[in-house]
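Enquirer: A single structure is presented below for examination.
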Amino acid sequence: MIDVLKMGDDRLLEEANPVIEFDTPQLHELVSCMIDTMRALNGAGLAAPQIGVGLQLVIFEIAENPRYPDVETIPLTVLINPVLSPLSEEMAEDWEGCLSIPGMRGLVPRYTRLRYRGFDACGNEIDREVSGFHARVVQHECDHLQGILYPMRIADLRNFGFSSALFPGPA
Ligand code: NI
């Protein structure tokens, strides 16, 4: 578990560098630290720049949750040096949050269908075609590698606010 940088920190605005060496103890240590942090904070994903490491490395996971049986699950994925290619021009808006912007949500347009390629921490190739929430999470995390935070993509800033105000419900 390590501190996640908050919006306003310059390091979140930098472009990340490619990982050159795979399957090193340092890389596995970094990945393991990021997984612990993401899970401890109940995040869906985390990008290395969010913990102050300027490398093209993201992780994401949507575990099965008995409270939300209808939510699509995503296997734990470590994605390094990612390349994203939309499979159509179609975009859709949905609510996003970010561990660097705690307590807030925004309505963000994203491509609905996507191919992504990259490598895992051992250097094995990853090549997937995904849609829906999986595609959204990948786009959000990979934006962090370009120094882009989701509020920069919100089409109408009236759709940006505190979760507690946007979605009041039984506490
Ligand atoms: Ni984020």
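Enquirer: Within segment 133-149, can one find any residue that is open to solvent by 30 Å² or more (accessible area, probe 1.4 Å) and more than 22 Å from residue 5 (Cβ to Cβ)?
Expert: yes
Enquirer: Pairs please, first residue from segment 1-18 and modelled with pLDDT under 95, second anywhere and of a type in the set (Val, Ile, Thr) and surrounded by 12 or more Cβ atoms within 10 Å (Cβ to Cβ), Cβ atoms under 7 Å, 6+ apart in sequence or on different chains.
Expert: Close Cβ pairs (under 7 Å, with a partner that is of a type in the set (Val, Ile, Thr) and surrounded by 12 or more Cβ atoms within 10 Å (Cβ to Cβ)) amount to 1/37; 2/37; 2/51.
Enquirer: Residue 108 versus (1) within 29 Å of residue 27 (Cα to Cα); (2) in contact with an Asp or Glu (Cβ under 6 Å, 6 or more places away or on another chain): which is the lone unmet condition?
Expert: Of (1) within 29 Å of residue 27 (Cα to Cα); (2) in contact with an Asp or Glu (Cβ under 6 Å, 6 or more places away or on another chain), only one is false for residue 108: (1).
Enquirer: Identify all residues within segment 56-76 that are open to solvent by less than 50 Å² (accessible area, probe 1.4 Å) and under 17 Å from residue 37 (Cβ atoms); write none if there are none.
Expert: If the condition is that a residue be open to solvent by less than 50 Å² (accessible area, probe 1.4 Å) and under 17 Å from residue 37 (Cβ atoms), then 57, 58, 59, 60, 61, 62 are the ones that fit.
Enquirer: Restricting attention to segment 40-55, and to residues there that are touching a helix residue (DSSP H, G or I) at 6+ places or on another chain (Cβ under 6 Å) and over 21 Å from residue 74 (Cβ atoms), which single residue is surrounded by the most Cβ atoms within 10 Å (Cβ to Cβ)?
Expert: That would be 55.
Residue-by-condition table, conditions (1) without any contact (Cβ under 8 Å) to a residue 24 or more places away in the chain; (2) of a type in the set (Gly, Ala, Ser); (3) not in a strand (DSSP E or B):
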{"position": "21", "(1), (2), (3)": "yes, no, yes"}
{"position": "28", "(1), (2), (3)": "no, no, yes"}
{"position": "31", "(1), (2), (3)": "no, no, yes"}
{"position": "36", "(1), (2), (3)": "no, no, yes"}
{"position": "49", "(1), (2), (3)": "no, no, yes"}
{"position": "66", "(1), (2), (3)": "yes, no, yes"}
{"position": "76", "(1), (2), (3)": "no, no, no"}
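Enquirer: Right, next: Hey, any hits in segment 18-39 for a residue that's exposed (fewer than 13 other Cβ atoms within 10 Å of the Cβ), of a type in the set (Val, Ile, Thr) and under 16 Å from the mean Cα position of the chain (by Cα)?
Expert: No, the conditions are met nowhere in segment 18-39.
Enquirer: Right, something else. Would you mind telling me which numbered condition in (1) of a type outside the set (Val, Ile, Thr); (2) under 22 Å from residue 38 (Cα atoms); (3) open to solvent by 30 Å² or more (accessible area, probe 1.4 Å) residue 109 fails?
Expert: The single condition residue 109 does not satisfy is (2).
Enquirer: Can you tell me which residue is nearest to residue 150 (Cα to Cα) among those in segment 77-106 that are surrounded by 17 or more Cβ atoms within 10 Å (Cβ to Cβ) and among the polar types (S, T, N, Q)?
Expert: Only one residue fits best here, namely 100.
Enquirer: For segment 89-171, give me every one of the strands (runs of 3 or more DSSP E) that falls completely inside it and has 2 or more residues that are more than 16 Å from the ligand (Cβ to nearest atom) and of a type in the set (Lys, Arg). Step through it out loud before you land on a result.
Expert: Details: elements: 91-96, 104-111, 113-119, 125-131, 160-162.
Output list reads 113-119.
Enquirer: If you don't mind, there's one more thing I want to ask. Across segment 64-88, what is the number of residues that are within 16 Å of the ligand (Cβ to nearest atom) and among the hydroxyl-bearing types (Ser, Thr, Tyr)?
Expert: Residues that pass the stated criteria total 1.
The values are calculated or read from the model by the stated rules, or taken from the named source; none is laboratory data. These figures come from a predicted structure and were not determined experimentally. So basically every Cβ, Gly included, is an ideal-geometry build from the backbone, and we count neighbours across all protein chains shown. The protein model used for the area step is the full one, side chains on, heavy atoms only, and it has no ligands, DNA or RNA in it. Shrake-Rupley method; radii C 1.70, N 1.55, O 1.52, S 1.80 Å.
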